[in-house]
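Below you'll find the structure, written out as C-alpha cells, and then a few comments.
Only the coordinates and a few stated rules stand behind these numbers; no lab work does. These numbers come from a predicted model, not from an experiment. Here the Cβ positions follow ideal geometry from the backbone for every residue, glycine too, while neighbour counts run over all protein chains shown.
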Amino acid sequence: MLLSSHNLAMTFERTTLFANVNLQLQPHQSVWLQGANGSGKTTLLKLLAKLTRPHQGQVRYHNGADRRGAVIYLHQQPYLFAGSVRANLEFGLRSLKLSRSERQQACQQALQLAQLEHLAERCAQVLSGGERQRLALARAWVMQPQLLLLDEPTANLDPQSLQLITAMVVQLQQQGCAIVVTSHQQTPLTELCQSRWQIDQGRLLCPQL
C-alpha cells in the first residue's frame with residue numbers, strides 16, 4: 001500500500017464538500033476520479049498530496065511514499081520556476097541522492113521524452129501551453145514518483161503534447177507508479193485507468209473498498 005485515508009472531510013463556508021472518505025492506493029493502481037464541477041476532485045487530490053489540511057480525518061503514506069518527491073500533484077495549469085527549461089528539471093533532482101552525472105543523465109532523458117531538447121535553455125515562462133504541460137510532467141518524471149496525481153492534465157492540449165504526456169505516464173506506470181487522473185472526458189490517460197472513483201453528493205464511491 002502507498003497511501004490510505006481515514007474519515008477525510010472538507011467543509012467550505014459551512015457547506016460540507018465531502019465527508020467520511022476512506023480509500024487506499026496500491027502500487028501500479030490507476031484511477032479515473034470523476035465528479036461534477038465543484039464536487040471536490042481538486043480538493044481531494046490536494047489532500048492526498050498533503051498540500052491542504054483536511055477539516056477532519058487524516059492521510060497516511062506507507063512503504064516509502066513519504067520520501068521527498070514520492071507523491072506529486074500536477075495541476076492543470078502547473079507552476080513553473082523562473083529560469084530555463086533545464087533549470088526547472090534540475091531543481092527537484094538536487095533533493096535526491098544522485099551524483100552529478102546521474103542528475104545530468106536523468107535531465108537529458110526527461111528532455112528527450114518530452115521532446116524539449118531544442119528548448120532546454122529557453123525561459124520556461126515563454127513556453128506554449130502544451131510545452132509547459134510537457135515540462136511539468138517531465139519535472140515530475142525525473143523524480144520517479146510512487147504516486148502521481150493529475151488534475152485535468154490534458155485540457156486544451158495539442159495532439160503531440162497529449163501523446164508525449166501519455167507516453168511518460170505509461171513509463172512511470174510500468175515502473176510501479178500509481179496514478180489518479182481527473183478529467184471531464186475520456187482521454188488516452190483515462191483509458192490507462194483500471195478503475196473509476198466518483199464523488200457524488202459528498203461521498204466518494206470507490207468500487208474496490
Checklist outcome for this item: Once both label points are put 7 Å beyond Cα along the C-beta direction, the Q26-S101 separation in nm becomes 4.0
Item to check | Computed Rg/Rh of the chain, alpha carbon atoms with Kirkwood Rh | outcome: 0.97
Checklist outcome for this item: Distance in nm between Q171 and A87 label points, each 7 Å along Cα→Cβ, equals 2.5
Item to check | Two-site FRET efficiency, Q163 against A9, from Cβ-Cβ distance with R₀ of 35 Å, rounded to 0.05 | outcome: 0.35
Checklist entry - 222 nm [θ] for the chain, helices only, -39500 (n - 2.57) per DSSP H run of 4+, per residue, to 500? => result -9000 deg cm²/dmol
Checklist entry - Tally Lys/Arg at +1 and Asp/Glu at -1 over every other residue whose Cβ is under 15 Å from the Cβ of Q163; what's the total? => result -2
Item to check | For the stretch 1-55, convex hull volume per residue from C-alpha positions, Å³ | outcome: 81
Checklist outcome for this item: Looking only at aspartates and glutamates whose Cα falls under 17 Å of K97's and that sit 8 or more positions away or on another chain, we get D66
Next on the checklist: Quick check: net charge around L45, other residues with Cβ under 13 Å of its Cβ, Lys/Arg +1 and Asp/Glu -1?
Outcome noted: +1
Checklist entry - If you project the alpha carbons of the stretch 89-203 onto their three principal axes, what span does each projection cover, largest first, in Å? => result 49, 30, 23
Next on the checklist: Quick check: net charge around R100, other residues with Cβ under 15 Å of its Cβ, Lys/Arg +1 and Asp/Glu -1?
Outcome noted: +2
Item to check | Farthest toward positive dipole pole in the chain [+1 Lys/Arg, -1 Asp/Glu at C-beta], among I199, V21, Q115 | outcome: V21
